[in-house]
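Have a look at the structure below before the remarks.
The values are calculated or read from the model by the stated rules, or taken from the named source; none is laboratory data. Just so you know, these numbers come straight off a predicted model, no measurement behind them. So basically every Cβ, Gly included, is an ideal-geometry build from the backbone, and we count neighbours across all protein chains shown. What goes into the accessible areas is simple: the full protein's heavy atoms, side chains included, and nothing from ligands, DNA or RNA. Shrake-Rupley method; radii C 1.70, N 1.55, O 1.52, S 1.80 Å.
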Amino acid sequence: MASTAYPAPAHAPSYSGEQSGLWSWLSTVDHKRIGILYLYTALFFFMFGGVEAIIIRAQLGAPNQHLVSAEFYNQLFTMHGTTMIFLAIMPLSAAFFNFLIPLQIGARDVAFPRLNAFSYWVYLFGGIFITVPIFFAVAPNGGWFGYAPLTIKAYSQGINIDFWVIGLQILGISSLAAAFNFLTTIINLRAPGMTLMRMPMFTWMAFIVQVLLVLAFPVITIALVFLLFDRFFGTNFYNTVSAGADPLLWQHLFWIFGHPEVYILVLPAFGLVSEVLPTYSKKPLFGYPVMVYSGILIAVLGFGVWAHHMFAVGMGPIADTFFGLTTMLIAIPTGVKIFNWIATMAQGAIRYTTAMLFGIGLVALFTIGGISGIMHASPPADLQQTDTYFIVAHFHYVLFGGSIMGIFAGIYHYFPKITGRLLDEKLGKIHFWLTFIAMNLTFFPMHFSGMLGMPRRIYTYDSGQGWELFNAMSTAGAMIFPIAMLIFIYNFFVSRKRGDIAGSNPWGAGTLEWTIPSPPPEYNFARIPTVTSRYPLWEGKEVDYADARFNAQEGKTPADFGIVMPYNTIKPLFVALGLIIMFCGLISSRALIGVGAALMIFSLYSWLLSPLEPEHH
């Protein structure tokens with residue numbers, strides 16, 4: 001379908017994301033601005049978790065060091081894991097979900113804009129709730145996995161674990177609210193002609209992740225409610241001193257959530273890389289249908305491998321065999337993705353931009369993490385390696401080598417669409433190479449220290465065990481990370497204001513989000529496009545630049561052209577604040593429960609009674 005084409009402006013100054021004023025950010029329901037809020041907040045938590053990691057590595061850099069106490073070390077590694085998983089990687093993915101999904105499917109916003117704002121504010125307040133205690137030395141100290149019965153009141157006195165239990169419940173509310181929103185958006189708001197098999201691969205992976213969230217988070221919610229009841233009300237779900245409790249119940253519930261969580265963390269990065277590699281190879285993604293099916297298969301099989309985390313608990317030969325086989329099986333769809341990415345790049349006209357380097361980095365480093373994961377499909381091998389630094393090496397190659405490298409690829413690729421300006425490529429490549437070197441220097445030696453028997457979660461160690469060299473290497477590598485991040489931060493903030501103007505499609509990409517100005521106007525599309533292919537810009541089909549006419553008319557609003565956008569409102573923020581105050585009452589004054597509940601109910605009532613958007617005429 002052809003349409004009249006208008007030249008898209010290089011820079012769209014009318015974009016609401018550039019409106020000034022704190023109130024506009026506190027009350028926004030624009031999916032793009034909420035995505036930007038997620039991006040900034042998650043990058044802050046990523047750096048905070050990185051500082052915790054640097055302190056951990058400084059403590060372990062040499063034998064018999066005492067930079068921190070054993071108790072504070074427990075808090076550090078607990079909060080490092082919790083911060084990176086729940087406050088950094090998941091929300092960084094959510095930043096892209098928010099910004100990109102409506103743009104990629106041809107929608108003007110998400111299905112529930114206010115619920116979208118609510119999910120962000122719950123995440124922000126939940127992150128503050130779980131992070132602040134470390135400044136008072138009362139942070140969670142039972143590991144990011146919170147194994148019960150260690151975490152019940154009898155063995156973990158004080159309020160440390162209470163912050164963790166309640167904090168994860170709060171963050172779970174945010175994740176579930178966002179998941180239902182994005183599922184509804186992708187199912188119901190796709191543009192005409194945007195069939196499921198025409199959706200960009202990032203949207204497909206995002207769709208699968210939302211399904212995983214909806215199915216996995218209720219399980220961890222139940223596990224946390226049981227633990228909450230054991231700690232606050234004296235029940236005996238995990239208290240093995242009493243009759244009827246099951247010492248393995250927590251592990252089963254946690255890992256039924258925990259292994260799908262790995263794919264919740266890594267599939268968005270896979271989606272981003274599946275956008276990046278074709279763009280800079282100037283070729284469509286190789287084997288698109290198989291990439292979709294492999295993503296679905298990963299999600300299905302992801303719920304059948306949880307007990308490979310439990311090979312050391314004595315489940316017996318039948319269970320060990322079953323979960324060993326399913327763990328080997330899930331490597332097949334993951335391997336399919338690796339080979340399809342390689343085939344996409346093969347014989348392509350490759351441009352080695354910073355985004356492309358990070359994308360190739362994911363393919364290489366995630367493969368290393370995946371291969372070491374296959375080793376743990378064998379129960380006898382896993383029994384030797386479990387709870388050693390070999391496992392630490394494995395999951396950092398998966399989560400840093402996979403998730404973080406993919407997210408950085410996405411940031412460099414989509415920064416022009418978000419801001420209208422380009423990041424500095426020279427600084428970007430320095431950032432990549434420092435990160436790549438730091439990643440391998442930090443985590444690869446951990447394979448060897450782990451094979452030599454160095455256990456996880458020890459805060460110091462004696463000399464003479466063969467671990468000194470490998471720990472010194474890991475610590476040296478860890479000290480390179482902050483240098484790389486400082487370069488990235490400088491590049492990010494300077495380019496945001498003074499970077500080269502990007503234009504609507506600086507990379508020559510083929511998908512729908514690149515057909516509109518950079519940054520996009522508040523309403524995204526002046527006319528909802530009709531989609532006839534996966535890469536409309538590459539195939540010359542339905543490229544609608546009608547937005548240019550609207551943006552060129554100063555002082556005009558979307559309503560002037562019959563485009564109805566939802567009202568901004570601060571009510572979701574107050575509902576989220578009431579929820580947090582209510583949970584705070586469990587730890588401090590019980591009166592706060594009533595105050596928080598009143599604020600939440602009043603704000604929610606007001607939210608539901610106020611109109612979402614202007615009346616249609």
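Run the numbers on the range 335-478 and let me know its relative contact order in percent, using alpha-carbon pairs under 8 Å that are six or more apart.
About 29 percent, as a whole number.
Give a residue-ordered list of calculated ³J(HN,Hα) values for the range 312-323 (Karplus: 6.51 cos²θ - 1.76 cosθ + 1.60, θ = phi - 60°; whole Hz; x for Gly, Pro).
Values, residue by residue: 8, 8, x, 6, x, x, 5, 5, 4, 5, 4, 6 Hz.
Using a probe radius of 1.4 Å on heavy atoms only, what accessible surface per residue do you get for the chain? Whole Å² is fine.
Per-residue accessible area for the chain comes out at 37 Å².
Just to verify a number: what accessible area does residue 125 come out at with the full protein assembly present, 1.4 Å probe, Å² rounded to tens?
So the heavy atoms of residue 125 present about 40 Å² to solvent.
Roughly how many percent of the accessible protein surface of the range 106-256 is carbon and sulfur, given a 1.4 Å probe and a whole-percent answer?
Solvent-exposed carbon and sulfur of the range 106-256 make up 73 percent of the total.
When only DSSP loop residues count, what trypsin sites (Lys or Arg not before Pro) in the range 393-463 have their Cβ near at most 14 other Cβ atoms within 10 Å?
For trypsin sites (Lys or Arg not before Pro) across the range 393-463 that sit outside H, G, I, E and B with at most 14 neighbouring Cβ atoms in 10 Å, the list reads 457.
What percentage of the solvent-accessible surface of the range 476-547, computed with a 1.4 Å probe over protein heavy atoms, is contributed by carbon and sulfur atoms?
It is 59 percent, rounded to a whole number.
With only Lys, Arg, Asp and Glu charged, each at its Cβ (+1 for the first two, -1 for the last two), find how big the charge dipole of the range 22-568 is about the Cα centre; round to the nearest 20 debye.
With only Lys, Arg, Asp and Glu charged at Cβ, the dipole is about 1120 debye.
To the nearest 10 square angstrom, how much accessible area does residue 376 have with a 1.4 angstrom probe?
My reading of the accessible area for residue 376 is about 20 Å².
Per residue of the range 466-482, what does 6.51 cos²θ - 1.76 cosθ + 1.60 with θ = phi - 60° give for ³J(HN,Hα)? Whole Hz please, x for Gly and Pro, Karplus curve as stated.
Karplus values, whole Hz, x for Gly and Pro: x, 9, 4, 4, 5, 5, 5, 4, 4, 5, 4, x, 4, 6, 7, 3, x.
Rounding to the nearest 10 and keeping the result within 0 to 90°, find how far the Cα-based axis of helix 90-105 lies from the longest principal axis of the chain.
That works out to roughly 30 degrees.
If DNA, RNA and ligands are ignored and the probe is 1.4 Å, what is the ranking of 22, 100, 248 by accessible area, most exposed first?
Order by accessible area, largest first: 22, 248, 100.
Quick one: which residues, 5+ away or cross-chain, put their amide H under 5 Å from the amide H of residue 388? H built at 1.01 Å from N.
456
Report the Cα centroid-to-centroid distance between the range 438-479 and the range 169-247 in angstrom, as an integer.
The range 438-479 and the range 169-247 have Cα centres separated by 35 Å.
At 1.4 Å probe size, put 485, 291 in order of accessible surface, largest to smallest.
485, 291
If I compute solvent accessible area with a 1.4 Å probe over the protein chains, what percent of it on the range 385-465 is carbon and sulfur?
Answer for the range 385-465: carbon and sulfur cover 66 percent of the accessible area.
Give the long-range amide H neighbours of residue 421: residues separated by 5 or more places, or on another chain, with amide H under 5 Å away, using H modelled in the peptide plane at 1.01 Å from N.
502
Run the simple label-point estimate for residue 40 and residue 128 please: 7 Å along Cα→C-beta, distance reported in nm.
About 1.4 nm, to one decimal.
Please list 3J(HN,Hα) in residue order for the range 249-256, calculated via the Karplus relation 6.51 cos²θ - 1.76 cosθ + 1.60 where θ = phi - 60°; whole Hz, with x for glycine and proline.
4, 4, 4, 5, 5, 5, 7, 4
Which is farthest toward the positive dipole end of the chain among 306, 183, 475, measuring Cα position about the Cα centre, with Cβ charges +1 (Lys, Arg) and -1 (Asp, Glu)?
Farthest towards the positive pole: 183.
Report residue 162's accessible area, 1.4 Å probe, all protein chains in place, as a number in Å² to the nearest 10.
10
Taking 0.36 nm per residue of sequence separation and subtracting the Cα-Cα distance, how much length would be gained by fully extending the chain between residue 153 and residue 597, in nm to one decimal?
Full extension from residue 153 to residue 597 adds 157.2 nm.
Would you work out the relative contact order for the chain, in percent, from Cα pairs under 8 angstrom that are 6 or more residues apart?
Over the chain, the number comes to 21 percent.
Calculate for the chain the 222 nm mean residue ellipticity that helices alone would give, adding -39,500 (n - 2.57) per DSSP H run of length 4 or more and normalising by residue count, nearest 500 deg cm²/dmol.
So the calculated ellipticity at 222 nm is -20500 deg cm²/dmol.
State, to one decimal in nm, how far the label point of residue 613 lies from the label point of residue 371, with both points 7 Å from Cα in the Cβ direction.
5.2
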